1. Name the single residue that is modelled with the lowest pLDDT among those in region 424-459 being of a type in the set (S, T, N, Q) and in a loop (DSSP other than H, G, I, E, B).
2. Anything in region 331-367 that is in a helix (DSSP H, G or I) and either at pLDDT below 95 or buried (at least 22 other Cβ atoms within 10 Å of the Cβ) (or both)? List them, or say none.
3. Within region 38-59, does at least one residue satisfy the condition of being touching a residue at least 12 places away in the same chain (Cβ under 8 Å), more than 23 Å from residue 244 (Cα to Cα) and assigned to a loop (DSSP other than H, G, I, E, B)?
4. Which residue out of 216, 230, 170, 282 is outside the structural domain of residue 351 (by TED's automatic domain parsing) and surrounded by fewer than 19 Cβ atoms within 10 Å (Cβ to Cβ)?
5. Look at residue 267 and say whether it is closer than 30 Å to residue 87 by Cβ, of a type outside the set (A, V, I, L, M, F, W, C), assigned to a helix (DSSP H, G or I) and out of contact with any strand residue (DSSP E or B) (no Cβ under 6 Å at 6 or more places or on another chain).
6. Quick check: is even one residue across region 277-289 at pLDDT 95 or above, hydrophobic (A, V, I, L, M, F, W, C) and closer than 23 Å to residue 206 by Cβ?
7. Which of the residues that make up region 78-91 are in contact with a Leu (Cβ under 6 Å, 6 or more places away or on another chain) and either aromatic (Phe, Trp, Tyr) or farther than 15 Å from residue 184 by Cβ (or both)?
Amino acid sequence: MEKETLYEKLKSYTSSDCYPFHMPGHKRREYPFNESYSIDITEIDGFDDYHHPEGIIRDAMADAARIYKSDSSYFLVNGSTGGILSAISAVTNLGDSILIARNCHKSVYNTLYLRNLKPYYVYPQPINEWGITGGILPEDVDNVLKRNPGIRAVVIVSPTYEGVISDIEKIARVCHCYEIPLIVDEAHGAHFPFWKEGPKSALECGADCVIQSLHKTLPSLTQTAIIHWKKGFMEKEALERYLHIYQSSSPSYVFLAGIQSCINQMEKTGWDRMVLHGTRMKDFVKQCEGFQAIRVLDSSIVGCNGVYDWDWTRLVIWAPDHKGDELYQILRDTYHLQMEMETPDYVVAITSIADTEEGLKRLYKALWEIDQEWFLNGGLETSEEFQNVLECIKKIGEKNIESQVLSPYESSLCKKKEIPWKETKGYLSAETAYIYPPGIPFLMPGERILQEHLDIFEFYKEMGFQIKGISDSSMKQLQVIEGFE
């Protein structure tokens with residue numbers, strides 16, 4: 001029997017009735033062109049040079065800067081990852097110190113390795129009631145910068161995967177008091193600039209460099225993104241130099257055309273559509289308030305735990321008594337609704353202006369039926385397991401708030417050995433450990449392994465989640481650095 005090809009599997013999935021509550025934001029409905037092969041070219045006469053734009057690409061990016069009100073904007077064909085690598089590299093020298101939010105994406109941590117950067121960490125506030133992380137406090141950023149004058153830049157993620165937004169305006173002011181730039185990974189907030197009644201974009205709030213994944217929440221192709229630069233604390237020439245390094249030398253013109261088309265479409269119709277979409281998502285969440293065995297995250301989290309604002313278009317559906325993976329599977333297998341992400345306690349659904357009324361009605365009907373069944377069979381209990389994980393993360397922050405023993409790059413040069421993970425307490429880790437999505441490491445190379453790290457490791461393992469980043473796929477062993485016991 002011949003194996004099914006990837007193309008065949010894609011065709012099979014997209015022709016099914018499975019509704020996409022996941023990326024990309026076009027939801028397989030809105031695209032400006034479908035003749036991808038016939039328009040797939042390289043840098044030939046009349047089509048400009050992506051790495052030295054002087055014509056049509058330069059003009060398209062200038063239009064984007066005008067629309068976003070940046071000083072310069074650059075199309076990204078390697079996703080937000082290429083933008084994050086470029087932004088951090090542009091403001092640091094090899095071996096510099098940098099302050100990053102612990103819940104940053106793995107691409108930030110990859111840059112630490114590539115640049116041999118010494119990381120200092122600021123931790124998001126835990127929201128124990130919901131089992132999620134909250135925002136970054138400006139005063140926490142200030143405290144770390146005050147104690148460590150050599151830090152060259154600050155990097156945070158806002159919004160988070162769950163739609164939590166930090167007070168970017170105050171954090172930017174703190175950074176600028178120390179004359180260093182603020183880089184914001186706004187990958188999940190590409191729709192903010194077009195949403196008059198929604199959260200403000202980090203660009204509008206004073207961030208020096210903002211990276212957005214168009215494909216996550218807007219009608220754009222997977223892997224398309226944009227990076228915005230503001231004058232002041234980051235050299236434009238340095239950013240452009242690293243964009244040339246980290247971006248493909250053979251850029252997809254289909255991607256470039258898709259980015260321009262998405263931005264132009266949003267400028268023309270996106271403002272009104274975002275207002276309508278924001279309203280219908282508020283109504284959706286309001287409808288879910290009557291559930292008794294399922295909870296849907298709402299704006300009640302705003303104003304505490306570092307949460308400055310919240311994205312209504314992001315659905316976080318909590319199933320404390322039946323666990324997130326069970327809810328995820330029921331929605332997928334019984335109702336043919338594909339969520340974006342599952343965690344031990346909740347699932348995440350990504351919505352966009354391309355979602356249909358029928359799709360949202362299907363989701364509400366499914367949640368209502370599941371809620372009725374689960375409530376009749378046992379009701380709602382408070383989950384404590386994931387709250388314990390958040391407490392472990394908080395304790396790690398209190399014990400290891402400032403730095404690791406070795407940088408990730410220094411760790412890569414050391415001799416390593418593999419021992420049972422339960423025996424690693426006190427050693428320095430030689431590996432990164434995280435679950436994906438969302439790809440946030442709970443253990444980094446060069447960090448002293450605490451009991452709290454092991455508690456998190458055991459929790460994820462018992463819940464059946466595959467821990468990424470470690471070499472032992474059976475999750476029995478962990479690599480540690482020799483000589484630092």
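The values are calculated or read from the model by the stated rules, or taken from the named source; none is laboratory data. Fair warning: this is a prediction, and the values are worked out from it, not measured in the lab. Please note: Cβ atoms are built from the backbone with ideal geometry, for glycine as well, and neighbour counts cover all protein chains shown.
1. The qualifying residue modelled with the lowest pLDDT is 432.
2. Scanning region 331-367 gives 331, 363, 367.
3. yes
4. None of the other options fit; the residue is 170.
5. Answer is yes for this residue.
6. Within region 277-289, none of the residues are at pLDDT 95 or above, hydrophobic (A, V, I, L, M, F, W, C) and closer than 23 Å to residue 206 by Cβ.
7. Across region 78-91, the qualifying residue is only 82.
Matching residues to (1) surrounded by 22 or more Cβ atoms within 10 Å (Cβ to Cβ); (2) under 15 Å from residue 190 (Cα atoms); (3) modelled with pLDDT under 95; (4) not charged (D, E, K, R):
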position: 21; (1), (2), (3), (4): yes, no, yes, yes
position: 27; (1), (2), (3), (4): no, no, yes, no
position: 37; (1), (2), (3), (4): no, no, yes, yes
position: 45; (1), (2), (3), (4): no, no, yes, no
position: 53; (1), (2), (3), (4): no, no, yes, yes
position: 66; (1), (2), (3), (4): no, no, no, no
position: 71; (1), (2), (3), (4): no, no, no, no
position: 76; (1), (2), (3), (4): yes, yes, no, yes
